[in-house]
1. Select from segment 73-87 the residues that are within 29 Å of S121 (Cβ to Cβ), hydrophobic (A, V, I, L, M, F, W, C) and either modelled with pLDDT of 90 or more or surrounded by fewer than 20 Cβ atoms within 10 Å (Cβ to Cβ) (or both) and list them in ascending order.
2. Just checking, which of Y139, Y150 is touching a Gly at 6+ places or on another chain (Cβ under 8 Å), of a type outside the set (A, V, I, L, M, F, W, C), surrounded by 12 or more Cβ atoms within 10 Å (Cβ to Cβ) and at pLDDT 90 or above?
3. Please indicate, with yes or no, whether at least one residue in segment 7-28 is within 22 Å of P140 (Cα to Cα) and at pLDDT 95 or above.
4. Could you list, in sequence order, the residues of segment 59-86 that are touching a Gly at 6+ places or on another chain (Cβ under 7 Å) and closer than 16 Å to K136 by Cβ?
5. Tally the residues that are of a type in the set (F, W, Y) and in contact with a Lys or Arg (Cβ under 7 Å, 6 or more places away or on another chain), restricting the search to segment 78-124.
6. Find all pairs meeting these conditions: Cβ atoms under 7 angstrom apart; at least six residues apart or on different chains; first residue within segment 34-47 and within 22 Å of V20 (Cα to Cα); second residue modelled with pLDDT under 90 and not polar (S, T, N, Q).
7. Taking the stated definitions as given, is V123 within 19 Å of K2 (Cβ to Cβ) and touching a residue at least 60 places away in the same chain (Cβ under 8 Å)?
8. Could you tell me whether any residue of segment 52-65 is modelled with pLDDT of 90 or more, touching a Lys or Arg at 6+ places or on another chain (Cβ under 6 Å) and hydrophobic (A, V, I, L, M, F, W, C)?
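The values are calculated or read from the model by the stated rules, or taken from the named source; none is laboratory data. Owing to the predicted nature of the structure, the values given are computational and were not obtained by experimental measurement. When we count neighbours, we look across all protein chains shown, and the Cβ atoms used for this are built from the backbone with ideal geometry, even at glycine.
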Amino acid sequence: MKEGEWTYRVSRDCPKRNCVIEKIKEFSAVLENVKLSLKRRKVALKYLVHFVGDVHQPLHLGNRKDQSGGKIRLTYLGKSVTPHYFWDGGLIDWEKENLLKCATRLNAQLQDLDKSKWLHSKVNDWADESRSLALKYAYPLENNKLSKTYISKGREILDQRMVQAGIRLANLLNQLLKNKNLERGPPCQKLIQFTLNNYCLGLI
């Protein structure tokens, strides 16, 4: 997005509608359309899982001029990395837990109140949330160095964003596939794990 802007606007930020936000809307329409081929709808589903995770990553709504943090160089544990790398999953300590354990932990933290609040939002809202987090927390760096406070807060934010992505993905699929039984089902641990795969490892 343009530097200094806090909210997403399609006419300014995605006039060709080829960004993740507009693609979520496009593939949602494809998945919902039962008249289309099963093959095409399966492809749409894969992209939806990928893109819903993407739009919850704060620096995917970063500044265009620095390629969402991709042009900023930092040194971490002797390696040259970028803020985008950290917010794409580099902040998560994978030596302490694997994907399944991480998803189980995040799912256990989920509160009904949070779930209800998070579901009353649209794709553009998800983007605006990420944009705000990017500007408030991802970009502010002291002398291009990562402090303990930055890392701790970043991990806290990533935890919440991954849970939000899993919850919202589950709700979106329920709506598109008209599966009302899932809405009354158990917590969506598998979707949170599925989102983790995409969010951190790019498996989908």
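1. Residue satisfying the conditions is W87 alone.
2. Unique residue meeting the criteria: Y139.
3. yes
4. Of everything in segment 59-86, those that are touching a Gly at 6+ places or on another chain (Cβ under 7 Å) and closer than 16 Å to K136 by Cβ turn out to be L59, G62, S68, G69, P83, F86.
5. Going through segment 78-124 one residue at a time, the tally reaches 1.
6. Listed by first residue and then by second, the contacts come to K46/I204.
7. Numbers: within 19 Å of K2 (Cβ to Cβ): no; touching a residue at least 60 places away in the same chain (Cβ under 8 Å): yes.
In short, no.
8. Within segment 52-65 (the criterion being modelled with pLDDT of 90 or more, touching a Lys or Arg at 6+ places or on another chain (Cβ under 6 Å) and hydrophobic (A, V, I, L, M, F, W, C)), the answer is yes, since at least one residue qualifies.
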